[in-house]
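For reference, the structure is listed below as structure tokens.
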Amino acid sequence: MKRFSLLAAAVLFCIVAQPCQASSSTKREKDEAARKRSENHERKFKRVLDKQNAAFAVQLKGLAQWCAQKGFGAEALDLWNQAKELDPDLAGRCPAASEAIPTDADKAAFKAKKKAVFDAQAVELFKLGGTCFKAGLIGRAYDMVWEAVIRNPEHISARKLLGQAKYNGEWMDVWDIGQLKRGKVFKDEYGWVTKPDLDRYEKGLMPLRDNWLPAEQVQEVRSKWDSAWEFDTEHYHVQSNVSLTDAVAFGKICEDNYKLFFRIFIGYFSSRNQGEMLFGGKQEKKLMKVNYFATKEQFKSILGDIVPDIAAGIYISGRPQGTANFFKIDWATNTKILKHEATHQLFSESRRLAGGSKCGAWVVEAAATYMETCGRVEGRIVTEGRKAPWVQAFKQVLQNGQSKPLRDFDQLTYPGFQSIGPGIAYPQAAALACFLIEADDGNYRERFVDYVEAYYLGKLNTGGKLEEFTGTSYTELEYQFRTFIMEDDTAPVGKPEEKPKSEEKPKTEEKPKTEEKPKTEEKGQQK
């Protein structure tokens, strides 16, 4: 009887397991097919964009030649340089400007010609963005919307998708317009205030518990954490016991980082939210919480033993909501730390999560360290690229022979990642993010974002999946990764023993390091 029971159990197991195995196999096949479709769309996108850029470069060259003939020397050189940037293979040099003096008619003609050329290019870029969105290339779609606005600042449809509208003749964020319509004005010293309140501020008064008292007296009370300033920006609820001016500035940095994160990782948001946030509709409103302490002592005292001694900022997760915490150091340091910790917060709170995965834990710090290097100038993302301190540190790790093979690195749990030591784990994670986002003009970018999403949704529990998500073997990924990181040196360090399948190496260009703090428009409103 016992023998029969065992036999029956074995048969039952086979009956149950077979469909499961088939289901698993079917899922892998579907995932592989989806990845190949994405690669196909990516290749098509690059071909179309290259073709558009080449055609635009020819038009710019022609316009530059016309300018030179009419005596517009500076304008001719500027257009020529833009053409060369789009198409480095464009032959010839910028023609010397004639000695003609441009007439008023010439100036009007130049303005009209330039507008026609740039507006037409904006239309093509916007169309390409729509095509990318339909193909699931969300990051590329958002890039094209921004590029359309750069070419034509008056592109109404593109502005709408960026959450902007025209108010009193200026393009502004819709949230800011809402504040203005409520009769408020923005001041760097106080944030968003009504005009009557502004008069009180300018008389040296500040609000405290429904009263307006001398500023020195109020700030003394506000310096204590239980009476700290509290105000809302578009996406954050800020609490701080620094001066009101510093607190407002900090809120602006938070908002700038939000836009930066959204620009780079828009593909992380759910399909429903992508459509709502990018191509019309409204997003769910839930302000994230940030605390900005005046001193490290207050930071440690309020947060307690959960904060490591070396921490200058920390995101403490929680349900239903966590809090990002910082203390005042200097703006450059605070901005970098905020970008790191706020990235953890944004990934954790931007959508409902099933919990982190067991494997692939490197992506948590990879995305956060990468964000430290990013800025935004005139709508375009600029990064430190391979010049970033973390990436430079990884070069030293490579040269010391301390790096972890990608296959092993990708298998690590979060405790396993931390056990390697910050001097190895963080540089390797940061460098890997830089490679996946920037190499070969962002060839792996969309798939890296998909991988981050899979981690936070708890889908990486049976080993790392980077090989599957990229469609490239660990061996070849390792080679491409090290070649990219060491490209400006004499040779890649530690080539894999197995020869890569692809003979083509990623062609990459290092992105410029931003020299200035990205401009921000989001503002704080005091309570």
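Throughout, read-outs are computed from the coordinates displayed, never taken from laboratory work. Keep in mind it's a predicted model, so treat the numbers as computed, not measured. Here the Cβ is made from the backbone with ideal geometry for all residues, glycine too, and neighbour counts use every protein chain on show.
Extending 7 Å from the Cα toward the beta-carbon at both residue 82 and residue 232 defines two label points whose distance is 4.1 nm.
Packing around the peptides 441-447, 454-460, taken as the average count of other Cβ atoms within 10 Å per residue, puts them in this order, highest first: 441-447, 454-460.
If the segment from residue 316 to residue 396 were pulled out straight at 0.36 nm per residue, it would be longer than the present Cα-Cα gap by 25.6 nm. Anisotropy class assigned to region 37-162 is oblate, per the alpha carbon gyration tensor with a/c at or over the 1.5 cut-off and a/b no larger than b/c. The slack in the chain from residue 301 to residue 378, taken as 0.36 nm per residue of separation less the alpha-carbon distance, amounts to 23.7 nm. Ranking of 323, 103, 233 by neighbouring Cβ atoms within 10 Å, starting from the fewest: 103, 323, 233. Could you sort out which of 259/459; 46/259; 134/252; 181/203 sit more than 29 Å apart by Cα distance in this structure? Where the Cα-Cα span goes over 29 Å, the pairs concerned are 134/252. In this structure, residue 407 and residue 44 have a Cβ-Cβ separation that, at R0 = 22 Å, corresponds to a calculated FRET efficiency of about 0.10. Remark: 162, 213 ranked as 213, 162, counting other beta-carbon atoms within 10 Å and listing the fewest first.
Holding the Cα-Cα limit at 23 Å, pick out from 44/404; 107/166; 296/336; 107/127; 289/328 the pairs that are longer than that. Distance filter (> 23 Å) returns 44/404; 107/166; 107/127. Listed from fewest to most Cβ neighbours within 10 Å, the set 376, 182 follows the order 182, 376. Taking each residue as 0.36 nm, the span from residue 109 to residue 182 lengthens on full extension beyond its C-alpha to C-alpha distance by 22.0 nm.
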